[in-house]
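The values are calculated or read from the model by the stated rules, or taken from the named source; none is laboratory data. Everything numeric here is computed off the predicted structure, so don't read it as measured data. Backbone-built Cβ (ideal geometry, glycine too); neighbour counts: all protein chains shown.
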Amino acid sequence: QIEEILKLTNNTKCSYILKDQIIKSESIKYVPSQATIIDFDENELLKQKIIKDIIHNNFFYEIAKMYFKSVPILTNVGLRISKISDKPGNKEAQLYHFDLDRPKWLKFFIYLNDVESLDHGPHSYIKKTHKVFSKPYKILIKRYQRISDKEIFAYYNQSNEHVIYGKAGTLAIGDTLAFHKGHNPKTKIRK
């Protein structure tokens with residue numbers, strides 16, 4: 001399945017970030033090498049059998065149903081490539097933040113390549129920050145913006161940070177109301 005998904009990236013419409021601008025492209029072939037993030041068009045992804053097979057997999061449905069204690073609804077599908085960069089990007093979601101997508105949600109992250117060190121750009125989160133009243137007021141008043149590691153660790157012990165490493169196919173499931181980020185890859189692209 002991973003190989004099939006990766007093949008999709010060759011000919012699927014996408015957008016990319018270059019110098020803090022989001023630019024659309026007909027294909028990854030036309031994305032400049034300096035781009036930091038490539039996101040593939042959701043409507044195009046949803047036309048693909050392999051993507052449909054994954055999103056209709058009962059495993060994901062049952063986990064979401066159990067978590068919500070109600071019938072879950074799929075609201076978005078994404079495929080992202082994070083390219084090598086020397087510093088974390090704001091628009092790239094490589095600084096701590098929390099999502100406010102819906103009243104309640106759960107996201108499923110699947111690595112499409114091995115992410116075995118911090119230099120490969122792993123996903124990380126701060127434990128228990130998805131809970132109500134778990135965030136400091138001084139951060140909340142900033143509203144929805146990215147937070148530096150220095151500021152996060154002024155409020156939370158660094159031992160509360162959980163970094164997710166794994167081989168291609170590793171699945172991380174998260175309530176992204178928690179503070180989370182994708183580290184910027186420094187030595188290899190993360191898919």
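The figures follow:
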{"quantity": "Conditions (1) assigned to a helix (DSSP H, G or I); (2) within 22 Å of Gly166 (Cβ to Cβ); number of the one not met by Lys65", "calculated": "(2)"}
{"quantity": "Residue check, Tyr125 of a type outside the set (S, T, N, Q), closer than 26 Å to Ile81 by Cα and in contact with a Gly (Cβ under 7 Å, 6 or more places away or on another chain)", "calculated": "yes"}
{"quantity": "Count of residues meeting criterion [in contact (Cβ under 8 Å) with a residue 12 or more places away in the chain and under 22 Å from the mean Cα position of the chain (by Cα)] in segment 152-164", "calculated": "7"}
{"quantity": "Residue match in segment 31-42 (condition: surrounded by 12 or more Cβ atoms within 10 Å (Cβ to Cβ), at pLDDT 95 or above and assigned to a helix (DSSP H, G or I))", "calculated": "yes"}
{"quantity": "Pairs, first on the phi < 0 side of the Ramachandran plot in segment 129-151, second at pLDDT 90 or above and among the acidic types (Asp, Glu), C-beta under 8 Å, six or more apart", "calculated": "His130/Asp175; Ile139/Glu151"}
{"quantity": "Residue match in segment 33-43 (condition: among the charged types (D, E, K, R) and out of contact with any strand residue (DSSP E or B) (no Cβ under 7 Å at 6 or more places or on another chain))", "calculated": "yes"}
{"quantity": "Single condition Ser25 does not satisfy, out of (1) closer than 19 Å to Lys191 by Cα; (2) buried (at least 16 other Cβ atoms within 10 Å of the Cβ); (3) in contact (Cβ under 8 Å) with a residue 24 or more places away in the chain; (4) more than 19 Å from the chain's Cα centre (by Cα)", "calculated": "(3)"}
